[in-house]
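Asker: The structure that follows is given in the form of structure tokens.
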Amino acid sequence: MLDLMQLEAQFTAEEILIRDSTAQFVRDQVMPIITNAFEQGEFPTQLIGQLAQLGLFGMTLPERYGGSDASAIAYGLVCQELERGDSGLRSFLSVQNSLCIYPIYALGSDAQKQYWLPRLARGEAIGCFGLTEPDAGSDPASMRTSAQQVDDGWALNGTKTWITNAPLADVAIVWAKTSAGIRGFLIELDRPGVSVTSIKHKLSMRASATGELSFDNCIIPADNLLPGSERGLVAALKCLTQARFGIAWGAMGAASACFDIARDYALTRTQFGRPIAATQLIQHDLATMYTELVKAQWLNLQLARLHDQQQLDPTAISLAKRNACEQALMIARRARHILGGNGISLEYHVIRHLANLETVYTYEGTDNIHTLILGKYLTGIAAF
Ligand SMILES: Cc1cc2nc3c(=O)[nH]c(=O)nc-3n(C[C@H](O)[C@H](O)[C@H](O)COP(=O)(O)OP(=O)(O)OC[C@H]3O[C@@H](n4cnc5c(N)ncnc54)[C@H](O)[C@@H]3O)c2cc1C
């Protein structure tokens, strides 16, 4: 492994163990099946039990809820290694951990935590997070989904779209407008009035299950409100901040896979009587790719350290998510170019990563939105 800046020395033995066991899982269990899963447009559900066995669900939770109190660095490394396999796999974990387990842990009642967290941590229940709607994406405050108080609880009406894991999920964290503002609700997806449809025809994140959730007068008990969601969208954004942290690390996993594939290819592909790696233009590409990879990985490390010290400003996550996605796309594009015609073949993996990264660039706040968050930090002016 190339490690010019000696990043490895920054990790504890435990973090390295968690990273390496995740990497081995990806090598042995994910790589043999991922091309087919992507081509078929299906999430490989047979991996769910193995992810649970590795202890990756809820890994940063306290042990009493089924977690292992892992550090943010360990969690970041797991996201990086899973996304070396496929962004869809890391998305599955991000949603389960940051957008279902975390909201219940941070915003839920004791009863909600006792019931759901151990089940989610064991992989016996799968979660999803419904914020985006057909007419409300970057501006979630304009959502139309409503929750009206009724005698026996709440009546939900509306549609959430582009929801990762929805077709596989048992429970959704859904954000809806009430008379007192936006609130988060726990919704079991087998309730009457809920319908789930899969979104087809994606050319990105094909190995991830994405769906639409519709609520037609779906009645849920009063207890299904997340009591900590009283701060409305601020509470929802707190969850997204957790997910964006994993994305910043994950994108560099996809990028490092592309870099490694491109470097190996450049060293073995001969044209004009010498390896293409011996040409100055290819070396320029590799040098640029490696520089951005190393910079982003160090940025991620500092992000995780601040996270572990509970000193992380969400704007720093915007900076890292924006940078990681932009640079990962640049690295994947250059890798695709270095592979020539083979760069567009799924057999070489780079085009799959490149296609996936188009989603990673857009979801959990588009590049524009993170630019505006940084712009607000720098100028004090909200330009959304
Ligand atoms: C595969 C996939 C999985 C997803 N998973 C989930 C999930 O699990 N849960 C969930 O809730 N959502 C999910 N999303 C939705 C995702 O978060 C949204 O697509 C994203 O927030 C952008 O919203 P939008 O698609 O409605 O685009 P829009 O908000 O309509 O934006 C369109 C374009 O306009 C730009 N734009 C918008 N407003 C401004 C502005 N003020 N200034 C400058 N530019 C602006 C955007 O940057 C973008 O380029 C997923 C999306 C995809 C593709």
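The values are calculated or read from the model by the stated rules, or taken from the named source; none is laboratory data. No experiment lies behind these values; they were computed from the predicted model shown. All Cβ positions, glycine included, derive from the backbone under ideal geometry; neighbour counts span all protein chains shown. We work out accessible area using only protein heavy atoms, side chains counted, and drop any ligands, DNA or RNA first. Shrake-Rupley method; radii C 1.70, N 1.55, O 1.52, S 1.80 Å.
Asker: With a probe of 1.4 Å, find how much accessible area segment 1-137 has per residue, and write the answer as a whole number in Å². Working shown, then result.
Answerer: Working: 5670 Å² over 137 residues.
Accessible area per residue: 41 Å².
Asker: Can I ask one more? Accessible area per residue of segment 222-313 at 1.4 Å probe, in Å²?
Answerer: 48
Asker: Mind grabbing the base-10 log of I(q)/I(0) for segment 51-177 at q = 0.10, 0.11, 0.15, 0.19 Å⁻¹? Debye formula, identical points on the C-alpha positions, no solvent, two decimal places.
Answerer: -0.35, -0.42, -0.75, -1.09
Asker: For segment 286-384, what is the per residue volume of the convex hull drawn over the alpha-carbon atoms, in cubic angstrom?
Answerer: Output value, Cα hull per residue: 109 Å³.
Asker: Moving on to the next point. Per-residue ellipticity at 222 nm for the chain, helices alone: DSSP H runs ≥ 4 residues times -39500 (n - 2.57), over residue total, nearest 500 deg cm²/dmol? Don't skip to the answer; put the middle values down first.
Answerer: Working: 12 runs with 187 residues, N = 384.
Dividing the helical sum by the residues of the chain leaves -16000 deg cm²/dmol.
Asker: Rounding to the nearest 10 and keeping the result within 0 to 90°, find how far the Cα-based axis of helix 314-338 lies from the longest principal axis of the chain.
Answerer: The helix 314-338 is inclined about 40 degrees to the chain.
Asker: How large is the accessible surface of R269 in square angstrom, using a 1.4 angstrom probe and rounding to the nearest 10?
Answerer: The value for R269 is about 100 Å².
Asker: Report the residues of segment 168-205 in range of a label on E230: point 7 Å along Cα→C-beta, backbone N strictly under 15 Å from it.
Answerer: 180-184
Asker: Ordering E15, E347 by accessible area with a probe of 1.4 Å, largest first, what comes out?
Answerer: Final ranking, largest accessible area leading: E347, E15.
Asker: Continuing with the same structure: Once both labels are modelled 7 Å past Cα along the beta-carbon direction, what's the E14-L267 spacing in nm?
Answerer: 3.5
Asker: I would also like to ask the following. Ignoring ligands, DNA and RNA, what percent of the accessible area of the chain is carbon or sulfur (1.4 Å)?
Answerer: After summing per-atom areas, the C and S share lands at 51 percent.
Asker: Cα centroids of segment 178-248 and segment 318-362: how far apart, whole angstrom?
Answerer: If we compute the Cα centre of each part, the gap is 28 Å.
Asker: Okay, next question. Just for the chain, what percent of DSSP beta bridges are antiparallel, to the closest 5?
Answerer: Rounded to the nearest five, the antiparallel share is 85 percent.
Asker: Using amide H atoms built in the peptide plane, which far-off residues or other-chain residues are under 5 Å from E133 H to H?
Answerer: T161
Asker: Moving on. Could the peptides 133-140, 323-330, 172-179 be put in order, highest first, of the mean number of other beta-carbon atoms found within 10 Å of their residues?
Answerer: Top to bottom by mean Cβ count within 10 Å: 323-330, 172-179, 133-140.
Asker: Here is a follow-up. Normalising by the residue count of segment 323-376, find the relative contact order in percent from Cα pairs under 8 Å and 6+ residues apart.
Answerer: Answer for segment 323-376 is 32 percent.
Asker: Let me ask another. Treating the angle as unsigned and between 0 and 90°, give the value, to the nearest 10°, between the Cα long axis of helix 367-379 and the longest Cα principal axis of the chain.
Answerer: For helix 367-379, the angle is close to 80 degrees.
Asker: Checking a compactness column here: for the chain, what do you get for Rg(Cα) / (2.2 N^0.38 Å), N being the number of residues?
Answerer: 0.99
Asker: Between D216 and D190, what is the spin-label point distance in nm, taking each point 7 Å from the Cα along the Cα→C-beta axis?
Answerer: Result: 2.1 nm between the two label points.
Asker: To the nearest 0.05, how large is the calculated FRET efficiency for R119 and K376 if R₀ is 30 Å and r is the Cβ-Cβ distance? Each step should come with its number before you reach the end.
Answerer: Numbers: r = 39 Å, r/R0 = 1.29.
With R0 = 30 Å, the Cβ-Cβ based efficiency is 0.20.
Asker: Separate question: Per the Kirkwood treatment, what hydrodynamic radius in Å, one decimal, follows for segment 192-339 from the mean inverse distance over all distinct Cα pairs?
Answerer: Working: mean 1/r = 0.0534 Å⁻¹.
After inverting the mean inverse Cα-Cα distance, the result is 18.7 Å.
Asker: Could you tell me the accessible area of Y348 in Å² (1.4 Å probe, neighbours in place), rounded to the nearest ten?
Answerer: Taking all protein chains as shown, Y348 has close to 70 Å².
Asker: If each residue of separation counts as 0.36 nm, what is the full-extension length gain between D151 and T178 once their alpha-carbon separation is subtracted?
Answerer: Once the chain is fully extended between D151 and T178, it gains 8.2 nm.
Asker: Continuing with the same structure: Quick check: the angle from helix 350-362's long axis to the longest principal axis of the chain, C-alpha only, nearest 10 degrees?
Answerer: With both axes taken from Cα atoms, the answer is about 40 degrees.
Asker: Which whole-number percent gives the relative contact order of the chain, counting Cα pairs below 8 Å spaced six or more residues apart?
Answerer: 17
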